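The values are calculated or read from the model by the stated rules, or taken from the named source; none is laboratory data. Note that the coordinates shown come from a computational prediction; the quantities given were computed from them, not determined experimentally. Cβ atoms come from the backbone with ideal geometry, glycine included; neighbour counts cover every protein chain shown. Please note that ligands, DNA and RNA were not included when accessible areas were found on the heavy atoms of the full protein model with its side chains. Shrake-Rupley method; radii C 1.70, N 1.55, O 1.52, S 1.80 Å.
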Amino acid sequence: MRNIHFFLAIIPLSILALSSVLKTDRTAEKTKSMYHKSKNDSDTIILGRRLALQYCQSCHIFPEPDLLDKKTWTKNVLPNMGLRLGLKDAGKNPYSDLAEEDVKVLKELAIYPEIPVLTKEEWTEIVHYYEQSAPSVLISINAQSYTILNNLPQFKPQFLTLFSKKTPQTTLLKFDKATSQLYIGDAQNELYITDSSFRLKETWQIASPTTDINFAKDKKPQLLTIGTIRPSDQKQGQLTSLDTTDKNYNIQNLQRPVCVVTSDLNKDGKEDRIIAQFGNNSGKLSWFDAGDSQKEHVLKTVPGARRVEVHDMNGDNKPDIVALMAQAYEEVVIFYNQGRGKFREKKVLQFPPVYGVSYFEMVDFNNDGALDILLTNGDNWDYSAIKKPYHGVRIYLNDGRDNFKESFFFSLFGTSKAVARDFDKDGDLDIAVTAFYTDLDQPEHSFLYLQNEGNLTFTPFSTPEAAYGKWLTMEVGDFDKDGDDDIILGSYFHTVGEMTKLIFRGVDFFPQLLVLKNNLK
């Protein structure tokens, strides 16, 4: 996702993804034997942890009890986990409020198995383990004290409302440097195009909300449309051209795609398309040879593919693929290009499922020639929607061999996107940050500017104007062509309740966009 930090799944799987546990080769006799043997142990916590490790760790990093408070585990997370283990009395009907097509897909995937994969006694031990081990109140982790200055001396804020809609729902912001045009996607299936002064030039009615755009050489832009914003496994997304006569790049039946990147991966002189299909319970990351829908090559078949970048990571003159995977898998993966369309996968970062990774960029923070990782985590629209002190912005420095070590952490609840640029032209990289998944306690902190003071030390700034929206999308570029990078934010309100909270705080209007014009020049 080069230009949007899309929230993707309104109720993501960022705590569970346990369907693969069905593949566990474990007989009923083995289960029974293990249970009764451990029951003789007076410390039932040991048994509960052992069982939790067995079932949870089969498909993602084991979530330690101290990552959530006791109430969140027992009232929200564990009941849903029980459903995914086939325990029908562990929570509500998982198929309620779902479209018939989605119910069919879920049953085909066996997300909620008809036959439990563990006994009720074992499940009781797991619940008891988390209930006894989790803190009553979430303990601060790696928290730091920063004084956030409530002003942006380098930027001039300006609200923009380009179209008459009571509720802003901006799903896309993408700037075309070649034409100096800004593309603005809206959840109500519309696409707006402005000039560099943000004057509206064109309006397009499209099939579904736009999540990304590919600016192909000598061709009309190609739109990636998600199909449906709500969580779904239906294949309604597509990649199509704004040139309605161009049928060469028309890829359909995509599972809630959110990112498209172009690169000649197999060195045949033709541009391939890499598409991240986030999906919901299923999804995939794949590339299409020369953009041909009939020539798909799947790199990974799990939900949560969120963003892709292409770089030569190992210096062999072949384009490698770096991808961010969310939806419980929570990892950054490098796919090294082996030639002839083959790739080797290396997992370079991995996090517990409750972390909610949301965005990444590959940038060189220490000027050593190796690309580092700027990462945000804060996706919080799931079963554990509480303040998490491990949400925030992180920098992982590359040792030159694609081993990454965390070297900076800025705690910010609900962080959704971070972009690194030398905004003040002093030779180091500053960071623009958005927090879409915030609970609006401090709405002005939904956007922060981290000014680099050197040696990965940053001074954070906010602006009062940030309190007037929920900034789902952010784009950076030299919009006014004066030689420095400006910032534009797009607001998205999913519910009236979100707007009501701001009204109670004195917000009396809701602009679609907030432009932060860089006044450095």
Working only within the range 494-517, note down all residues that are open to solvent by 40 Å² or more (accessible area, probe 1.4 Å) and assigned to a loop (DSSP other than H, G, I, E, B). H494, T495, R505, G506, D508, F509
Looking only at the range 136-192, filter to residues that are open to solvent by less than 20 Å² (accessible area, probe 1.4 Å) and among the hydroxyl-bearing types (S, T, Y); which one of those is modelled with the lowest pLDDT? S180
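I'm trying to understand the selection: among the residues of the range 219-238, which are part of a strand (DSSP E or B) and touching a Gly at 6+ places or on another chain (Cβ under 8 Å)?
Those that are part of a strand (DSSP E or B) and touching a Gly at 6+ places or on another chain (Cβ under 8 Å): L224, T225, G237, Q238.
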Scan the range 266-287 for residues that are farther than 14 Å from F343 by Cα and either crowded, with 19+ Cβ neighbours inside 10 Å or in contact with a Leu (Cβ under 7 Å, 6 or more places away or on another chain) (or both) and jot them down. D272, R273, I275, A276, Q277, F278, G279, N280, N281, S282, G283, K284
When the range 394-420 is checked residue by residue, the ones that are over 18 Å from F351 (Cα atoms) and either touching a Cys at 6+ places or on another chain (Cβ under 6 Å) or surrounded by fewer than 22 Cβ atoms within 10 Å (Cβ to Cβ) (or both) are D399, G400, R401
Per the list (1) free of Cβ contacts under 8 Å to residues at least 12 places away in the same chain; (2) closer than 27 Å to I487 by Cα, residue check on G269 breaks on (2)
Out of everything in the range 366-393 that is open to solvent by 20 Å² or more (accessible area, probe 1.4 Å) and hydrophobic (A, V, I, L, M, F, W, C), what residue ends up being nearest to the chain's Cα centre (by Cα)? W381
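Conditions tested, residue by residue: (1) outside any strand (DSSP E or B); (2) farther than 25 Å from S180 by Cβ; (3) in contact with a helix residue (DSSP H, G or I) (Cβ under 9 Å, 6 or more places away or on another chain).
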position	(1), (2), (3)
V419	no, no, no
F423	yes, no, no
A432	no, no, no
Y437	yes, yes, no
D441	yes, yes, no
Y449	no, no, no
E453	no, yes, no
M474	no, no, no
F479	yes, no, no
Hits in the range 436-463 (condition: more than 18 Å from R421 (Cα to Cα) and either open to solvent by 10 Å² or more (accessible area, probe 1.4 Å) or under 24 Å from the mean Cα position of the chain (by Cα) (or both)): F436, Y437, T438, D439, L440, D441, Q442, P443, E444, H445, S446
Any idea which residue in the range 214-258 is farthest from the chain's Cα centre (by Cα), counting only those that are closer than 20 Å to S286 by Cα, charged (D, E, K, R) and open to solvent by less than 30 Å² (accessible area, probe 1.4 Å)? D233
Residue pairs meeting the criteria (Cβ under 7 Å; at least 6 apart or on separate chains; first under 27 Å from W73 (Cβ atoms) and open to solvent by 40 Å² or more (accessible area, probe 1.4 Å), in the range 329-355; second acidic (D, E) and not in a strand (DSSP E or B)): Q350/E330
Expected output for the range 45-65 (first residue within 16 Å of G82 (Cα to Cα) and open to solvent by 60 Å² or more (accessible area, probe 1.4 Å), partner assigned to a helix (DSSP H, G or I) and hydrophobic (A, V, I, L, M, F, W, C), Cβ below 9 Å, 6+ apart or cross-chain) is R49/I126
Just to be sure before I move on: is I386 in contact with a helix residue (DSSP H, G or I) (Cβ under 6 Å, 6 or more places away or on another chain) and either farther than 21 Å from E475 by Cβ or acidic (D, E) (or both) in the structure I sent? yes
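Going through the range 469-484 one residue at a time, which ones are among the aliphatic types (A, V, I, L, M) and open to solvent by less than 10 Å² (accessible area, probe 1.4 Å)?
Within the range 469-484, the subset among the aliphatic types (A, V, I, L, M) is 472, 474, 476.
Those that are among the aliphatic types (A, V, I, L, M) and open to solvent by less than 10 Å² (accessible area, probe 1.4 Å): L472, M474.
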Any pair with Cβ under 9 angstrom, 6 or more apart, that starts in the range 494-509 at a residue that is without any contact (Cβ under 8 Å) to a residue 24 or more places away in the chain and ends at one that is assigned to a helix (DSSP H, G or I) and of a type in the set (A, V, I, L, M): G506/A467
If you scan the range 293-315, which residues turn out to be of a type in the set (D, E) and open to solvent by 50 Å² or more (accessible area, probe 1.4 Å)? E296, D312
Out of K70, K104, which single residue is open to solvent by 90 Å² or more (accessible area, probe 1.4 Å) and of a type in the set (D, E, K, R)? K104
Considering only the range 464-481, state which residues are out of contact with any Ser or Thr (no Cβ under 8 Å at 6 or more places or on another chain) and either among the charged types (D, E, K, R) or within 15 Å of N519 (Cα to Cα) (or both). E465, E475, V476, G477, D478
Evaluate the following for F423: is it more than 21 Å from T463 (Cα to Cα), buried (at least 21 other Cβ atoms within 10 Å of the Cβ) and not acidic (D, E)? no
Output for Cβ contacts, cut-off 6 Å, separation at least six or different chains, first residue touching a residue at least 60 places away in the same chain (Cβ under 8 Å) and over 16 Å from Q238 (Cα atoms) in the range 171-190, second open to solvent by 10 Å² or more (accessible area, probe 1.4 Å) and assigned to a loop (DSSP other than H, G, I, E, B), reads S180/S196
Going by what's in this entry, would S384 be described as farther than 21 Å from Y449 by Cα, touching a residue at least 60 places away in the same chain (Cβ under 8 Å) and of a type in the set (S, T, Y)? yes
Test: residue in the range 282-291 that is assigned to a strand (DSSP E or B) and of a type in the set (A, V, I, L, M): yes
Just to verify a result, which residue in the range 164-214, among those that are part of a strand (DSSP E or B) and among the charged types (D, E, K, R), is nearest to P257 (Cα to Cα)? D212
